[in-house]
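See structure below.
Nothing in this text is a laboratory measurement; each read-out follows from the coordinates by a stated rule. What you see is a predicted model; the values in this text were computed from it and never measured. No Cβ is skipped: glycine too gets one built from the backbone with ideal geometry, and neighbour counts run over all protein chains shown.
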Amino acid sequence: MRTRPIGSLEVSVVGLGCNNFGGRLDYDGTAAVVHGALDAGITFFDTADIYGGTHSEEFLGRALGPRRDEIVLATKFGMPIDDEHKGAKPDYVHRALEASLRRLETEHIDLYQLHAPDPDTPIADTLGALDECVRAGKVREIGCSNFTVAQMQEAEAAVTAGSAHFVSVQNEYSMLRRRAERDVLPECERAGWSFLPYFPLASGVLTGKYRRGHAPPAGTRLSGVKQDEGPLSPDTLAVVERLTGFAEHRTRTMVELAIAWIAAHRPVASVIAGATSAEQVRANVAAADWVLNDDEMAEIDGLIKAPTT
């Protein structure tokens, strides 16, 4: 599989989001997905301490076992686990890291990310603590998530010479949620940061499972969402239908198109799609070899922006 850099790290262009572990998936289900991803050539695994009530890290570490060194392991901290475990104050940075290392059964985290800005803690203080983690050999690179351009620039300005600095930002981005194109993606190119998109399949809307005039399939992520509302509005599903036609004309799936389209944007390092089965992992990985050309990207843009009739 093609690889791209995140700082000093090299990651597969299709990664695995581990937010289903410990929630929608028990340990056995997690292990099946992890082993399927490893066998499919995925080398980038992204989790967080809050996923699955901390069980995502536990299940992932257990499932990786002796294959831990085959992957680039990313996790996140800062969102509230409970009243005592949250934020980005220096003391908590160290406590959160030790807890993640223990749950993941590893001696170091390859990419340690601040999950969200902490308005109660100066970013310089957080960066100082993260630099200590890097110098101790417990973290290789650091990143952030859910940051605005202003917050990215504040973090960049707070770095002292020779200290660890953010090399990536992880924000929402998909064919249906393109806000990042207006500011964060250009800022990543300017600053030399890698971009990691979450919800690349728009919470499942871009899987092709949902069609106008049909109830959401039972057991899917949006099975409880009313038709004609929110993510399943007629306008949104009309866009998905047009894109599905584009993909099918090329004997590809909607999932492959959604992932390949994101990967075509230069700051993107890895498209970290979630999965609940090894079959879904393989479906995601099928997009890895699809490189969209400029003409195809222009056609897709027109299909997304075309008025609904």
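Observations on the model:
- Its Cα centre serving as origin, the stretch 118-190 has a Cβ charge dipole (Lys and Arg +1, Asp and Glu -1) of approximately 300 debye.
- Only helices enter this figure: runs of n ≥ 4 DSSP H residues, each worth -39500 (n - 2.57), summed and divided by the residues of the chain, yield -11500 deg cm²/dmol at 222 nm to the nearest 500.
- Separation between Cα centres of the stretch 272-309 and the stretch 21-81, rounded to whole Å: 24 Å
- Shape call, the stretch 16-55: gyration tensor on alpha carbons, a/c limit 1.5: oblate
- Length-normalised contact order of the chain in % [C-alpha pairs under 8 Å, at least 6 apart]: 20 percent
- Neighbour net charge for Glu296 - beta-carbon separation under 12 angstrom, K R +1, D E -1: -2
- Distant alpha-carbon pairs in the stretch 266-309 (separation over 14 angstrom), percent: 67 percent
- The chain - convex hull of the alpha-carbon atoms, volume per residue in Å³: 134 Å³
- Database remark: amide H of Phe147 closer than 5 angstrom to the amide H of Gln170 (H placed geometrically; neighbours at sequence offset of 5 or more, or on other chains; Pro and chain starts carry no H).
- Positive-end ranking of Ser168, Leu64, Cys133 along the dipole of the chain, with charges on Cβ about the Cα centre, is headed by Leu64.
- Amide H to amide H distances under 5 Å link Gly274 with Gly17, where only residues 5 or more positions off or on other chains count and H is placed in the peptide plane.
- The chain: most fluctuating residue of Glu58, Glu70, Glu141 per GNM, C-alpha cutoff 10 Å: Glu70
- GNM top mover of Pro90, Pro66, Pro80 - the chain, alpha-carbon springs below 10 Å: Pro66
- Highest-fluctuation residue, Glu105, Glu84, Glu279 considered, GNM on the chain with Cα pairs under 10 Å: Glu84
- Percent of C-alpha pairs per 5 Å bin, the stretch 1-98, short to long: 3, 13, 23, 21, 18, 14, 7, 2, 0
- Expressed as a fraction of 2.2 N^0.38 Å, the C-alpha radius of gyration for the stretch 25-180 is 1.04.
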